[in-house]
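For reference, the structure discussed in these notes is given below.
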Amino acid sequence: MKKRPRRAKSKVTRRPTPRARALVAAPGDFIRVVPLHHPKPSRTIEEVARLREAVERDPYAAQPHPAPPTAKLTYRSGPLLRNVEVFTTFWGKTWGSTPTSAGLIGKLNRFFEDILVSPAIDQLAEYSVPDQAIGHGSLLGTATVGAAAPSGSVTDSTVQSQVKTWIASKIVPKPTANSLYFIYLEPGVVSILGGSRSCLNYCGYHNNVGKVYYAVMPYPACDGCLGPLSAFDALTGTSSHELCEAITDPVPGSGWYDDVNGEIGDICAWNFKQIAGYTVQMEWSNRLNRCA
């Protein structure tokens with residue numbers, strides 16, 4: 001992965017709180033992940049670390065993440081996705097192989113068609129800057145890809161290489177300044193980002209390789225990424241989180257960012273509302289000074 005300049009303020013230089021542990025992918029890296037459903041531990045962190053090796057279910061009673069009262073996003077002069085153009089890719093041999101998976105593909109694509117022209121995008125207008133006004137987006141298309149499907153796990157560097165391959169082979173459209181590729185992994189595949197793993201440390205993330213922007217959505221098959229939601233609602237919640245973050249901070253840490261709390265979605269993680277009949281995550285509003 002191309003290394004980014006590191007900001008001293010974003011480094012974890014003290015013992016992190018449970019919330020910080022959930023958000024930070026690696027010391028010095030920018031926060032760009034959907035954290036796990038907020039833990040309310042009945043055991044020490046050390047005990048939980050040992051238990052994670054022995055059990056699959058989360059031993060916590062989960063609660064939404066409270067928004068930090070001091071949150072404040074500041075603009076770092078980087079690009080924004082003004083009219084985002086989403087292309088969904090369902091990567092895996094089982095996608096579309098059953099009526100349930102085919103139906104889920106259709107439902108997620110309809111979600112993007114509806115949400116990209118909804119108040120969920122309108123509320124991001126406050127983060128417009130000169131020559132980069134944020135407005136409605138569109139769903140450009142979709143692809144179901146079984147070739148080179150990962151088995152067991154997939155790293156971010158592999159995802160980056162695969163996106164380049166898909167672009168070169170015209171499986172996905174050539175990127176523009178507004179392109180955002182959403183990559184959905186099939187059940188049973190663990191995403192690995194740095195030293196972190198999906199369902200253990202995060203539920204989804206967005207990133208970039210040069211001027212190519214993408215988001216990775218592991219299938220939610222654990223309590224930490226489902227919380228009280230159905231699989232579809234968990235996917236729309238996580239997708240809306242990463243969608244809004246990718247629009248306002250496509251190169252993590254160079255757009256709208258808070259050195260302490262991360263991106264627009266991280267501040268309000270696991271706080272939801274309904275828009276156009278879908279479960280979407282609330283996002284931080286500097287103007288209102290709260291999640292909205």
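The values are calculated or read from the model by the stated rules, or taken from the named source; none is laboratory data. Predicted model only: the values in this text are computed from it and were never measured. Reconstructed Cβ throughout: ideal geometry from the backbone, glycine too, with neighbour counts over all protein chains shown. Please note that ligands, DNA and RNA were not included when accessible areas were found on the heavy atoms of the full protein model with its side chains. Shrake-Rupley method; radii C 1.70, N 1.55, O 1.52, S 1.80 Å.
Within the stretch 216-269, track down each residue that is at positive phi and buried (at least 24 other Cβ atoms within 10 Å of the Cβ).
Residues of the stretch 216-269 that are at positive phi, as a first pass: 227, 253, 262.
Passing the criteria: only GLY262.
Between a residue in the stretch 91-118 that is farther than 23 Å from GLY137 by Cα and part of a helix (DSSP H, G or I) and any residue that is among the aromatic types (Phe, Trp, Tyr) and open to solvent by less than 70 Å² (accessible area, probe 1.4 Å), which pairs come within a Cβ distance under 9 Å, given they are 6 or more apart or on different chains?
Here the result reads SER101/PHE90; SER101/TRP95; ALA102/TRP95, each pair linking the stretch 91-118 to a residue that is among the aromatic types (Phe, Trp, Tyr) and open to solvent by less than 70 Å² (accessible area, probe 1.4 Å).
Does the stretch 190-210 contain any residue that is closer than 19 Å to THR89 by Cβ and open to solvent by 50 Å² or more (accessible area, probe 1.4 Å)? Don't jump to the end; show me each part of the working.
At the first step, the residues of the stretch 190-210 found to be closer than 19 Å to THR89 by Cβ are 190-193, 198, 203-210.
In the following step, the residues that additionally are open to solvent by 50 Å² or more (accessible area, probe 1.4 Å) were identified as none.
No.
Would you confirm whether or not the stretch 158-176 contains a residue that is open to solvent by less than 20 Å² (accessible area, probe 1.4 Å), under 30 Å from ALA276 (Cα atoms) and touching a strand residue (DSSP E or B) at 6+ places or on another chain (Cβ under 9 Å)? Reasoning before the result, please.
First, pick out the residues of the stretch 158-176 that are open to solvent by less than 20 Å² (accessible area, probe 1.4 Å): 159-160, 163, 166, 172.
Within this subset, residues satisfying the condition of being under 30 Å from ALA276 (Cα atoms) are 172.
Then keep just the ones that are touching a strand residue (DSSP E or B) at 6+ places or on another chain (Cβ under 9 Å); that gives 172.
Within the stretch 158-176, one or more residues are open to solvent by less than 20 Å² (accessible area, probe 1.4 Å), under 30 Å from ALA276 (Cα atoms) and touching a strand residue (DSSP E or B) at 6+ places or on another chain (Cβ under 9 Å).
Looking at the stretch 179-194, can you tell me whether even one residue there is closer than 21 Å to ALA231 by Cβ and among the small types (Gly, Ala, Ser)?
Among the residues of the stretch 179-194, at least one is closer than 21 Å to ALA231 by Cβ and among the small types (Gly, Ala, Ser), which makes the answer yes.
Kindly evaluate VAL159 against the criterion of being assigned to a strand (DSSP E or B), of a type outside the set (Gly, Ala, Ser), under 23 Å from GLY141 (Cβ atoms) and free of Cβ contacts under 8 Å to residues at least 60 places away in the same chain. Break it down stepwise before answering.
Numbers: assigned to a strand (DSSP E or B): no; of a type outside the set (Gly, Ala, Ser): yes; under 23 Å from GLY141 (Cβ atoms): yes; free of Cβ contacts under 8 Å to residues at least 60 places away in the same chain: yes.
Considered against the rule, which asks whether it is assigned to a strand (DSSP E or B), of a type outside the set (Gly, Ala, Ser), under 23 Å from GLY141 (Cβ atoms) and free of Cβ contacts under 8 Å to residues at least 60 places away in the same chain, VAL159 comes out as no.
For residues in the stretch 131-154 being small (Gly, Ala, Ser) and over 16 Å from TYR184 (Cα atoms), which is surrounded by the most Cβ atoms within 10 Å (Cβ to Cβ)?
First, pick out the residues of the stretch 131-154 that are small (Gly, Ala, Ser): 133, 135, 137-138, 141, 143, 146-149, 151-153.
Of the ones still in play, those that are also over 16 Å from TYR184 (Cα atoms) are 133, 135, 137-138.
Numbers: ALA133: 12, GLY135: 13, GLY137: 21, SER138: 14.
Per the stated criteria, the residue is GLY137.
Only one residue in GLY135, GLY152 is within 29 Å of TRP284 (Cα to Cα) and at pLDDT 95 or above, so which one is that? Don't jump to the end; show me each part of the working.
Values: GLY152 fails: within 29 Å of TRP284 (Cα to Cα).
The match here is GLY135.
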